[in-house]
Amino acid sequence: MDEKLLKIRHSLSHVMALAVKRLYKDVKLGIGPAIDNGFYYDFDFQTPIKEEEIGKIEEEMRKIINENQDFVKEEWGKDKAMDFFSKNGEKFKTELIEELKDGTISVYKNGEFVDLCKGPHIGNTSELKKVGFKLVSLAGAYWRGSERNPMLTRIYAYAFETEKELNDYIKMQEEAKKRDHRNISKQMDLYSVNEYVGPGLVLWHPNGATIRYEIENFWRERHLKNGYKFINTPHIGREVLWQISGHLGFYKEAMYAPMKIDEINYYIKPMNCPFHIQIYKSKTRSYRDLPLRWAELGTVYRFEKAGVLHGLMRVRGFTQDDAHIICSAEQVESEVLTVLKFSLDIWKVFGFSEIKAYISTKPKDAIGDEDMWKKAEKSLISAVESEGLKYEIDEGGGAFYGPKIDLKVRDAIGREWQMTTIQFDFNLPQRFEMEYSGSDGKLHRPYMIHRALLGSLERFFGVLIEHFAGAFPLWLSPVQVSVLNITEDESDYANLVFSRLIENGIRADIDLSNEPISGKIRAAASMKPPYVVIVGKKEKEKGCISLKLRGNKNVYDVGLDDFIAKLKKEISDRSLTLSY
């Protein structure tokens, strides 16, 4: 978020707080930050407000904006700030002040409103007259995110520099609602989450599993072509493994509780990497063995709070398209470039062409050799520049154990999703004492690169559903062709067409019911098949078929052999467009 937009959104949150204070005299204030699409403010109302009341709050905000109020920053001593906010009964503000060190405390004033705030803000509310903003919803939010604290009312708002940007964003949100993968998945019977199995644990239904099968086959095929070898690892590991890796030190809260086997604690795995390292260490390695590219569709389990679980996007059990590249210093640059090219090629197949890279560099608390960091960072920047990618550098934003590239893809309605990660790790090779013998006869520590191209299959599938709005290209569609007869007289011919499709490896279904053809077409459309084959008296007599393509285009007098040949090529090419 650029500074201008940050100032606009933050200033609007103060305007909203003032509007609420004017309308509800007994309200108490929480906090009100700017966020990615606007801002929010948390309030403690004596009497809960309703959604329909946010309209009058917005109206009051516009009045305040027209008062041309200055935003004035003041520095107060801690005692003065505590005295002011306690006299006004602002218990949440005094709690924040108590935790601050002695010294000056920043507050901002506009009109009669005073708030504990570091800023930044615009100069005057008159600068907000042409911006686009809209209050959109209420939600409950625990004070400071803890269930032990009071529940406050959070008012969310969108805010952009212009009305046009606001309207464009609202339209995108409306389209996103139509594309919600949870609703489409229910309509197409793709997956479910069951209370008896547990929240965040996905059950893949036949239609969803069919799509997953196609994705996995494509993934394996491309990995073999890119020089990877497949490995498989267990779902649990002994406590000592996670102690050495450090997960029990810094990641335990996200891990499930241990299970005791033969009086030894075992943990279900949150990551695959320690297992891959044990395969590396199973024998002595030489520089002649490198680079090693090992890939696994490895299912991992992480404990997420129930409140953040969201369809396929945030789950507790998921399959990572995980791989580790283990290489020498001389191989680092070419390996990073190769894996970046590989990732970009994969995204093109799925129809994502707008891709941006974000490079995170060495933080203050970094471990590892300085030369290794410099070489790794140089390889990341060199790779994205050689591919002509737009990129941003997050200085100091890397993990303590290594720099990384994140690739974000833009979907069909313009939303950005963080997907591919290419992450160096200087920590685990050191912890597990990974070594190889070099050409000089000495032992060296290898470079280790974690990479996930799709991320997790669950989250990727959710993004894919919303990108295509369930209207998948032919090669991914769970039902590729629906066969419908017009009357009972054509049942035998419809069955012949259906059988030919199945024999040729095309996923087809058939509806021979006595329903009117219009009703059968509507029923078939729920599965969003790319092609609907319709056979009536004329088609049976001619030995041909008629087609209704997704999008309602009609094609008549199509030869069955020609149709099958075109579909087989469309599938093998993994085409994004239909053949007719």
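The values are calculated or read from the model by the stated rules, or taken from the named source; none is laboratory data. These figures come from a predicted structure and were not determined experimentally. No Cβ is skipped: glycine too gets one built from the backbone with ideal geometry, and neighbour counts run over all protein chains shown.
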Of the criteria (1) assigned to a strand (DSSP E or B); (2) out of contact with any Pro (no Cβ under 7 Å at 6 or more places or on another chain); (3) not aromatic (F, W, Y), which one S343 fails: (1)
For residues that are among the aliphatic types (A, V, I, L, M) and not in a helix (DSSP H, G or I), tally how many sit in region 152-188. 4
I'm checking my understanding of the structure. Among residues of region 387-412 that are in contact with a strand residue (DSSP E or B) (Cβ under 7 Å, 6 or more places away or on another chain) and under 15 Å from W347 (Cα atoms), which one is surrounded by the most Cβ atoms within 10 Å (Cβ to Cβ)? L407
Restricting region 398-440 to residues that are farther than 22 Å from Y287 by Cα and basic (K, R), which is modelled with the lowest pLDDT? R415
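Filter region 482-506 for residues that are touching a residue at least 60 places away in the same chain (Cβ under 8 Å) and closer than 18 Å to E541 by Cα and give the result.
Within region 482-506, V497, R500 qualify.
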Reported set for region 122-141 where residues are closer than 17 Å to F43 by Cα and surrounded by 15 or more Cβ atoms within 10 Å (Cβ to Cβ) is L135, V136, L138, A141
Cβ-Cβ under 7 Å pairs, at least 6 apart or on other chains, region 557-580 side outside any loop (DSSP other than H, G, I, E, B), far side among the aromatic types (F, W, Y): I571/W475
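Can we say E395 is at pLDDT 95 or above and over 18 Å from H450 (Cβ atoms)?
Details: at pLDDT 95 or above: no; over 18 Å from H450 (Cβ atoms): yes.
It is false that E395 is at pLDDT 95 or above and over 18 Å from H450 (Cβ atoms).
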Elements of type strands (runs of 3 or more DSSP E) contained in region 1-110, each with 3 or more residues being of a type outside the set (A, V, I, L, M, F, W, C) and under 26 Å from P150 (Cα atoms): 38-44
Which residues, counting only those in region 99-142, are modelled with pLDDT under 95 and aromatic (F, W, Y)? Y142
Is at least one residue of region 191-207 farther than 20 Å from A34 by Cβ, modelled with pLDDT of 95 or more, of a type in the set (D, E) and not assigned by TED's automatic domain parsing to the domain that holds G77? no
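With the structure loaded, tell me whether A306 is farther than 30 Å from G470 by Cα, out of contact with any helix residue (DSSP H, G or I) (no Cβ under 6 Å at 6 or more places or on another chain) and touching a residue at least 12 places away in the same chain (Cβ under 8 Å) or whether it fails that test.
On the way: farther than 30 Å from G470 by Cα: no; out of contact with any helix residue (DSSP H, G or I) (no Cβ under 6 Å at 6 or more places or on another chain): yes; touching a residue at least 12 places away in the same chain (Cβ under 8 Å): yes.
No, not satisfied.
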Take the conditions within 18 Å of A209 (Cα to Cα), surrounded by fewer than 21 Cβ atoms within 10 Å (Cβ to Cβ) and among the β-branched types (V, I, T) and apply them to I506. Does it pass? yes
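Just one of D115, D102, D70, D79 is surrounded by 13 or more Cβ atoms within 10 Å (Cβ to Cβ) and either free of Cβ contacts under 8 Å to residues at least 40 places away in the same chain or over 15 Å from D42 (Cα atoms) (or both); which is it?
Numbers: D115 fails: either free of Cβ contacts under 8 Å to residues at least 40 places away in the same chain or over 15 Å from D42 (Cα atoms) (or both); D102 fails: surrounded by 13 or more Cβ atoms within 10 Å (Cβ to Cβ); D79 fails: surrounded by 13 or more Cβ atoms within 10 Å (Cβ to Cβ).
On inspection, the qualifying residue turns out to be D70.
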